[in-house]
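Undergrad: For reference, the structure I am asking about is given below.
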Amino acid sequence: DFETTIKIIVVGNGGVGKSSMIRRFCKGEYTDTYKKTIGVDFLEKEKYIDSVAQNITFMVWDTAGQEEFDAITRSYYRNANGCVVAFSTVDRDSFEAVEKWKSKVEAEVGQIPMVLVQNKVDLIDQSVVSPEEVENLSKKLKLKLYRTCVSENLNVDKVFEYLGEQYVKN
Ligand code: GDP
Ligand code: MG
């Protein structure tokens, strides 16, 4: 099977950089004045994944801001093949909400490949979470951790490559 399309969802509190990350990965664009919603359900990106030697089309779904009202609909989660759980280096609440987001996804879709993302590492000087806390959470939840900076395009592709690889291998 050389044509694989997978649905990836990106969860986490509002403001952590989910829409920016999706846009960065799928379109190669970033703007810090970007609107809260991207106005569409998902963006697509086809990418060759070396480790599994195949092309994967990623359909990456955005939440259009409903996460702030705890109002994400079932259709958002439905048939997801992979999930990014994101928090921000400078938002303590977003870090503390990670476990809740993971449980929510599992309650809707069961066990799917998931990855923990600490975004905005460019703001590490203003960090409100210690590296140890983040590593401990990643161990506790058994989630691989990536530290990203969407604004400088650091590690963003790796997050999605990892999920694509996990999907193919499982
Ligand atoms: P969402 O609510 O999770 O979708 O977050 P957004 O993508 O709307 O981003 C919220 C704000 O964080 C925007 O102003 C982004 O430009 C900004 N942002 C996103 N990623 C980064 C990053 O890596 N570093 C910094 N400094 N700001 C970022
Ligand atoms: Mg958003």
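Undergrad: Among the residues of the stretch 81-106 satisfying the criterion of being out of contact with any helix residue (DSSP H, G or I) (no Cβ under 9 Å at 6 or more places or on another chain) and not in a loop (DSSP other than H, G, I, E, B), which is nearest to ligand 1 (Cβ to nearest atom)?
TA: By that ranking, first place goes to S94.
Undergrad: Exactly one condition in (1) in contact (Cβ under 8 Å) with a residue 40 or more places away in the chain; (2) out of contact with any Phe, Trp or Tyr (no Cβ under 6 Å at 6 or more places or on another chain); (3) more than 15 Å from ligand 2 (Cβ to nearest atom) is false for Q111; which is it?
TA: Against the list (1) in contact (Cβ under 8 Å) with a residue 40 or more places away in the chain; (2) out of contact with any Phe, Trp or Tyr (no Cβ under 6 Å at 6 or more places or on another chain); (3) more than 15 Å from ligand 2 (Cβ to nearest atom), Q111 comes up short only on (1).
Undergrad: Tell me yes or no: at least one residue of the stretch 149-170 is of a type in the set (S, T, Y) and under 14 Å from G17 (Cβ atoms).
TA: Yes: one or more hits.
Undergrad: Of the residues S75, S151, S127, S51, only one is without any contact (Cβ under 8 Å) to a residue 24 or more places away in the chain and either surrounded by fewer than 19 Cβ atoms within 10 Å (Cβ to Cβ) or not small (G, A, S) (or both); which?
TA: Criteria check complete, one pass: S75.
Undergrad: Something else: Taking the stretch 52-80 only, how many residues are away from ligand 1 (no atom under 16 Å from the Cβ) and part of a loop (DSSP other than H, G, I, E, B)? Steps first, answer last, please.
TA: Restricting attention to the stretch 52-80, the residues satisfying the condition of being away from ligand 1 (no atom under 16 Å from the Cβ) are 52-59, 73-75, 77-80.
Then keep just the ones that are part of a loop (DSSP other than H, G, I, E, B); that gives 53, 73, 78-80.
Count: 5.
Undergrad: Pull out all pairs, ordered by first then second residue, where Cβ-Cβ is under 9 Å, the residues are six or more apart or on different chains, the first lies in the stretch 12-33 and is at pLDDT below 90, and the second is within 13 Å of ligand 2 (Cβ to nearest atom) and outside any loop (DSSP other than H, G, I, E, B).
TA: Going by the 9 Å Cβ cut-off, the qualifying pairs are T31/S20; T31/R23; D32/S20.
The values are calculated or read from the model by the stated rules, or taken from the named source; none is laboratory data. Please read all numbers here as calculations on a predicted model, not as lab measurements. All Cβ positions, even for glycine, are placed from backbone atoms using ideal geometry, and neighbour counts span all protein chains on display.
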